[in-house]
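Submitted below is the structure of interest, expressed as structure tokens.
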Amino acid sequence: AKAKARGSVTVFEPEMDMQIRDRRVLHQDLSNAIRNGEMSLYYQPQASSTKRVGNNDIVGFEALTRWRHPTRGFVPPSEFIPLAEESGLIVELGEWILREACRQAASWARPLQVAVNLSPAQFLNTDLVAFVHEVLLQTGLEPGRLELEITEGVLIEDFDRGLSLLRRLKALGVRVSMDDFGSGYSSLTYLQAFPFDKIKIDRAFIMNLGRNPQSAAIVRAVIGLGHGLGVTLVAEGVETQDQLDFLVDESCDAVQGYLIGKPAPIDQYRWLVGLDALE
Ligand code: C2E
Ligand code: CA
Ligand code: CA
Ligand code: CA
């Protein structure tokens, strides 16, 4: 087995070389992408699910970044976010994302929430709190409308720093969400120790709702747990009416997913946010 493994490494070497070269080029491209206007924000609606969902029940949007590469077309965030993190470009990119999301949300006629994802490097390695504060002042966005999403993994790296950052962010008046709950090393300790406003239940559990009873039990338990802690629950990746019905029955607070709406340029949702024709 060892010889075989060694052999396959040799076989794949040229390909790996290419991948590395490819990444180098992509990294170069990424460093120019912001100033070339290749980055944009898509928005995915979140609907209240405490009663039947209708268009009036949209409570906010999650901003999801899109990179339209001039020759490759759309590069998924699952590729360029890690690349930006490794290279340090995440600082500049993350600042652009946050500023852009706040600027756009401030122009909406309806005071809906806007959620922005923070990558681990962005959360831990920059002067995030001062920057968020500055952007709120610059854009005039009401702090309570901004929601910052972080994954729990980031808190494992540095518990004390994570806690201090969360507290300082909350002191600014912004909301903080735990993203992808259940997907990683979920620990109840984190829920107790960190002052999250919201828990986003990972799509994997929602996807399996109709398929296995364990997922239903877990989702039900997480909703109960969250409510017991005074936290708002959001289900991610809701694609079917059956999933929605279950979540409504279980008193989940909000839902997000293709059933409600796909991520799209805000133009597609202007009737919801009350954008006037000028913006
Ligand atoms: P996420 O934060 O968990 O975002 C939700 C992802 O699920 C999005 O993928 C969204 O398009 C997708 N999604 C939403 N509803 C459904 C559904 O009903 N079914 C299915 N199958 N998928 C659904 P996307 O936009 O490709 O983003 C992937 C990940 O990349 C995000 O996961 C987030 O971790 C990261 N990301 C995206 N934008 C940003 C950003 O601006 N900053 C940072 N740091 N990360 C970002
Ligand atoms: Ca997210
Ligand atoms: Ca998520
Ligand atoms: Ca995710």
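The values are calculated or read from the model by the stated rules, or taken from the named source; none is laboratory data. This is a predicted model, so every value here is computed, not measured. Cβ: placed from backbone, ideal geometry, glycine included. Neighbour counts: every protein chain shown. Note: accessible area is taken over every heavy atom of the protein model, side chains too, but ligands, DNA and RNA are not part of it. Shrake-Rupley method; radii C 1.70, N 1.55, O 1.52, S 1.80 Å.
Within 10 Å of each candidate Cβ there may be at most 14 other Cβ atoms; applying that plus a DSSP loop requirement, which chymotrypsin sites (Phe, Trp or Tyr not before Pro) in region 162-255 survive?
Tyr185
Can you tell me the length gained on complete extension of the stretch His27 to Val248, counting 0.36 nm per residue apart and subtracting the Cα distance? Walk me through the intermediate numbers first.
On the way: separation 221, 0.36 × 221 = 79.56 nm, distance 4.36 nm.
Computed gain between His27 and Val248 is 75.2 nm.
If you don't mind, another one. Can you compute 3J(HN,Hα) from phi for each residue in region 191-198, using the Karplus curve 6.51 cos²θ - 1.76 cosθ + 1.60 with θ = phi - 60°, rounded to whole Hz and x for Gly and Pro?
4, 6, 7, 9, x, 6, 8, 9
Still on this structure, I have one more. If a helix is a whole DSSP H run, which ones in the chain reach 24 Å or further along their own axis (Cα) and hold a mean Kyte-Doolittle hydropathy of at least 1.0?
Long hydrophobic helices here: none detected.
How much of the accessible area of the chain, probe 1.4 Å, is carbon plus sulfur, in whole percent? Before the final figure, lay out each step's value.
Details: 7360 of 14040 Å².
Percent of accessible area from carbon and sulfur atoms in the chain: 52.
What Kirkwood radius, in Å to one decimal, follows from the Cα pairs of region 58-196?
Working: mean 1/r = 0.0637 Å⁻¹.
It works out to 15.7 Å.
Can you tell me which aspartates and glutamates have their Cα less than 14 Å from the Cα of Lys262? Leave out same-chain residues fewer than eight positions away.
Within reach: Glu62, Glu236, Glu239.
For Arg68 and Arg168, calculate 0.36 nm times their separation in residues minus their Cα-Cα distance, and state this gained length in nm to one decimal. Please list the in-between numbers first.
On the way: separation 100, 0.36 × 100 = 36.00 nm, distance 3.45 nm.
Result for the pair: 32.6 nm of gain on full extension.
May I pose another question? Taking trypsin sites (Lys or Arg not before Pro) as candidate sites, keep only those in a DSSP loop with at most 13 other Cβ atoms within 10 Å, then name the longest stretch of the chain containing none of them.
Working: sites that count: Arg35, Lys51, Arg52, Arg72, Arg211.
In short, 73-210.
Accessible area per residue of the chain at 1.4 Å probe, in Å²? It would help to have the intermediate numbers written out before the result.
On the way: 14040 Å² over 279 residues.
Spelled out: the 1.4 Å probe surface of the chain, per residue, equals 50 Å².
Which cross-chain or sequence-distant (5 or more) residues have an amide H under 5 Å from the amide H of Leu148, H modelled 1.01 Å from N in plane?
Val116, Arg175, Val176, Ser177
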